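Visitor: Here it is: the structure, laid out below.
The values are calculated or read from the model by the stated rules, or taken from the named source; none is laboratory data. Computed from a predicted structure; not experimentally measured. Here the Cβ positions follow ideal geometry from the backbone for every residue, glycine too, while neighbour counts run over all protein chains shown. The area values use the complete protein model at the heavy-atom level, side chains included, leaving out ligands, DNA and RNA. Shrake-Rupley method; radii C 1.70, N 1.55, O 1.52, S 1.80 Å.
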Amino acid sequence: MPNLPEAWEAPVLRFSLDLAKDSENFPKKVLALFDKHFGFRRGIFFPYYYSAFPGSFPRRGSSLSNYITYGLRYGPMYDYKDHVYKEDIFRHSSLPEHLKGKRVIFTEDIMPFEEYEHTPYGIHMMSENLYYQAVLFFYLGERVIGSMGLFHSKEEGPFQEEDREPLEYLSELVEANYQNYLRHTGEARFHDCFQLFFQDIKTGAVLLNQDMTVLQTNKAAQHISKVFWEQYRHSHGHFLRSNYQGDAKFREVQTMINEISERLTTQGSTSQTITSLAGDITFYHTSFLSSSSAGLIQTWHLMLITCQTKELPKSVDHPYNTLTQQERRIVYYLASGKKNEQIAEELHISIYTVRTHIANIYKKFEVNNKVDLLMHLQPILKEQAKP
């Protein structure tokens, strides 16, 4: 223990003993202990996006719905989340470079208080008598994994320089215990189990959080998502576009999940099969409850995916094998009874382009009309329809 002021020594020792005890919600426990041992009756803990899954990265914005408050009214926090957080002078991404990496930052470290009290963030906080603030940052290497704000009222006055060293030591204690807590959360356990059981199997597997955001996939799922994009997305008129902001390698998987999760939700089923001329992709869905890295009980989802593609005609010289992917889609629609106008709408192309494709298809099959074309295709369509 460093040379702390005498008034801090006993409370810090008791705090460290209480901190080491197990808890289902670490952030909430920390805030309560800061009140119990040091009299900080109002505080807030921001768990940043935890990197239990490869490719993820810390984003404070994504964790705003998971902040944990202590002694603060909910109304002002809703305003903060919806409007004020972008003006928060303590956002790690907005800090001056010389303050990044620091464990404890006071308001006056960033700007003079006379300037702060005229900022949108300062006005919002002071309206709740949260005049002065100290923010403790917690790191994993160089990565921020959480932050905690402690507040003084106008009557209590600003934080003093002699408070910095004790708060820095407390920050180190919280950081070490928080890292250990994160390693044992449900989120981290799911990652370990996923790596152990699903990474190398031939069935596609996708792990998702309660917002149906992809956290982890195996190689088979990524391969199936490419098949899905190529073979299936043009077979449906309302293919959803992903706004996924994570690792680019998950984008195709996320978009596939967006499409199928809507179907599972609206139909209330645990499995769904998408069929096209090329084959079947079947999704099996299950969900379960466990704690998140923020200590909150959340729903987690596991999607298992099988892909059964069907054989193309054996003869290399068969006209079907000379069709482009777009021409095969048009053949599928023609076989389904769709008119040229409907095909144009489904594929988001002009009717003139549809007619050009159909003319090319006729030429390859050496036919002059749709009836003759479908007669040539009938053996293929029957073969594709076999289970």
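Visitor: Can you name the residue in the range 183-206 that is surrounded by 16 or more Cβ atoms within 10 Å (Cβ to Cβ) and over 19 Å from PRO47 (Cβ atoms) and is also modelled with the lowest pLDDT among such residues?
Guide: Residues of the range 183-206 surrounded by 16 or more Cβ atoms within 10 Å (Cβ to Cβ): 185-188, 190-191, 194, 198, 204-206.
Filter once more, so that each one left must be over 19 Å from PRO47 (Cβ atoms): 194, 198, 204-206.
On the way: PHE194: 81, PHE198: 85, GLY204: 92, ALA205: 92, VAL206: 91.
The selected residue is PHE194.
Visitor: Now for a separate question. How many of the residues making up the range 99-125 are open to solvent by 30 Å² or more (accessible area, probe 1.4 Å), closer than 23 Å to ASP163 by Cα, touching a residue at least 24 places away in the same chain (Cβ under 8 Å) and within 34 Å of the chain's Cα centre (by Cα)?
Guide: 3
Visitor: Next question. Go through the range 130-156 residue by residue and tally those that are open to solvent by 50 Å² or more (accessible area, probe 1.4 Å) and either closer than 16 Å to GLY43 by Cα or assigned to a helix (DSSP H, G or I) (or both). Walk me through how you get there before you give the answer.
Guide: Within the range 130-156, the first condition is being open to solvent by 50 Å² or more (accessible area, probe 1.4 Å), and the residues that meet it are 140-143, 154-156.
With the extra rule that they be either closer than 16 Å to GLY43 by Cα or assigned to a helix (DSSP H, G or I) (or both), the set shrinks to 154, 156.
The qualifying residues number 2.
Visitor: Given the condition within 14 Å of ILE305 (Cα to Cα), open to solvent by 30 Å² or more (accessible area, probe 1.4 Å) and either polar (S, T, N, Q) or modelled with pLDDT under 80 (or both), answer yes or no: does some residue in the range 245-257 qualify?
Guide: no
Visitor: Has the range 285-297 got any residue that is modelled with pLDDT of 80 or more, open to solvent by less than 30 Å² (accessible area, probe 1.4 Å) and in contact with a strand residue (DSSP E or B) (Cβ under 8 Å, 6 or more places away or on another chain)?
Guide: No, the range 285-297 has no match at all.
Visitor: Additional query: Of all residues in the range 164-176, how many are open to solvent by 30 Å² or more (accessible area, probe 1.4 Å) and either on the phi > 0 side of the Ramachandran plot or more than 31 Å from the chain's Cα centre (by Cα) (or both)? Can you show your working first?
Guide: Within the range 164-176, the first condition is being open to solvent by 30 Å² or more (accessible area, probe 1.4 Å), and the residues that meet it are 164-165, 168-169, 172-173, 176.
Cutting the leftovers down to either on the phi > 0 side of the Ramachandran plot or more than 31 Å from the chain's Cα centre (by Cα) (or both) gives us 164-165, 168-169.
Number of matching residues: 4.
Visitor: At least 1 residues that are modelled with pLDDT under 80 in each: list the helices (runs of 4 or more DSSP H) lying fully within the range 308-375 that qualify. Please lay out each step first, then the result.
Guide: Working: elements: 325-335, 340-347, 351-365.
Counting at least 1 such residues, we get 325-335.
Visitor: Take VAL174 and tell me if it is touching a strand residue (DSSP E or B) at 6+ places or on another chain (Cβ under 7 Å) and in a strand (DSSP E or B).
Guide: Details: touching a strand residue (DSSP E or B) at 6+ places or on another chain (Cβ under 7 Å): yes; in a strand (DSSP E or B): no.
For VAL174, the condition - touching a strand residue (DSSP E or B) at 6+ places or on another chain (Cβ under 7 Å) and in a strand (DSSP E or B) - is not met.
Visitor: Within the range 258-284, how many residues turn out to be modelled with pLDDT under 70 and assigned to a helix (DSSP H, G or I)? Can you show your working first?
Guide: In the first step, residues of the range 258-284 are kept if they are modelled with pLDDT under 70; the result is 265-269, 276-279.
Then keep just the ones that are assigned to a helix (DSSP H, G or I); that gives 265-267.
Of the residues in the range 258-284, 3 are modelled with pLDDT under 70 and assigned to a helix (DSSP H, G or I).
Visitor: List pairs: first in the range 245-263 and more than 13 Å from GLN222 (Cα to Cα) and among the charged types (D, E, K, R), second at pLDDT below 80 and open to solvent by 10 Å² or more (accessible area, probe 1.4 Å), Cβ under 7 Å, 6+ apart or cross-chain?
Guide: GLU259/PHE239; GLU259/LEU240; GLU262/LEU240
Visitor: Say whether the condition of being at pLDDT 90 or above and of a type in the set (Ser, Thr, Tyr) is met by at least one residue in the range 5-21.
Guide: Within the range 5-21, one or more residues are at pLDDT 90 or above and of a type in the set (Ser, Thr, Tyr).
Visitor: How many residues are aliphatic (A, V, I, L, M) and open to solvent by less than 30 Å² (accessible area, probe 1.4 Å) if we restrict to the range 1-27? Full working, then the answer.
Guide: The initial filter retains those residues of the range 1-27 that are aliphatic (A, V, I, L, M), namely 1, 4, 7, 10, 12-13, 17, 19-20.
Filter once more, so that each one left must be open to solvent by less than 30 Å² (accessible area, probe 1.4 Å): 4, 12, 19.
Of the residues in that region, 3 qualify.
Visitor: Is it the case that some residue within the range 177-192 is small (Gly, Ala, Ser) and on the phi > 0 side of the Ramachandran plot?
Guide: Filtering the range 177-192 for residues small (Gly, Ala, Ser) gives 186, 188.
If we keep only those that are on the phi > 0 side of the Ramachandran plot as well, we get none.
Among the residues of the range 177-192, not one is small (Gly, Ala, Ser) and on the phi > 0 side of the Ramachandran plot, which makes the answer no.
Visitor: Filter the range 72-98 down to the residues that are loosely packed, with under 14 Cβ neighbours inside 10 Å and at pLDDT 90 or above and list them by number.
Guide: PRO96, GLU97, HIS98
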